[in-house]
1. Ala50: within 9 Å of the ligand (Cβ to nearest atom), modelled with pLDDT of 95 or more and assigned to a helix (DSSP H, G or I), yes or no?
2. Considering only residues that are of a type outside the set (D, E, K, R) and away from the ligand (no atom under 16 Å from the Cβ), which ones fall in the range 24-36?
3. Taking the range 9-23 as the search range and keeping residues that are modelled with pLDDT under 95 and in a strand (DSSP E or B), which one is nearest to the ligand (Cβ to nearest atom)?
4. Looking at (1) touching a Ser or Thr at 6+ places or on another chain (Cβ under 8 Å); (2) modelled with pLDDT of 95 or more, can you tell me which one Val33 breaks?
5. Is it the case that the range 71-81 has a residue that's within 16 Å of the ligand (Cβ to nearest atom) and either modelled with pLDDT of 95 or more or not charged (D, E, K, R) (or both)?
6. Quick one: what pairs do we get from the range 13-36, first residue more than 13 Å from Val49 (Cα to Cα), second part of a strand (DSSP E or B), C-beta under 7 Å, 6+ apart or different chains?
Amino acid sequence: MMGSTKNHYQLVLVIMYVCICNSVTDRQIQEAVRQGADTFGKVSSELGVATCCGQCEEHAREVIEDACGTQHPIEISLISMA
Ligand code: FES
């Protein structure tokens, strides 16, 4: 669209699986923290994170720690399509 002055944006929401065994995403963990699950044990009990192979535990703990520290709403990135 050469010469167009309109800006077009695409909403990009990146969702990452933290626990593959139990199909748990970083967003689900962040929401659990927002709802009061502020420890690894609470999140694991609620979502089942790290209850199978355990490979996700370290990353899950990082996501929980970040979520406990920030408590911000979901960030939204806008990418210009112009
Ligand atoms: S990846 Fe989370 S228990 Fe296996």
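The values are calculated or read from the model by the stated rules, or taken from the named source; none is laboratory data. Just so you know, these numbers come straight off a predicted model, no measurement behind them. Note that we place each Cβ from the backbone using ideal geometry, even for glycine, and neighbour counts take in every protein chain shown.
1. no
2. Correct list: Gln30, Val33, Gln35, Gly36.
3. The residue in question is Val12.
4. Answer for Val33: the failing condition is (1).
5. no
6. Ile15/Thr25; Met16/Thr25
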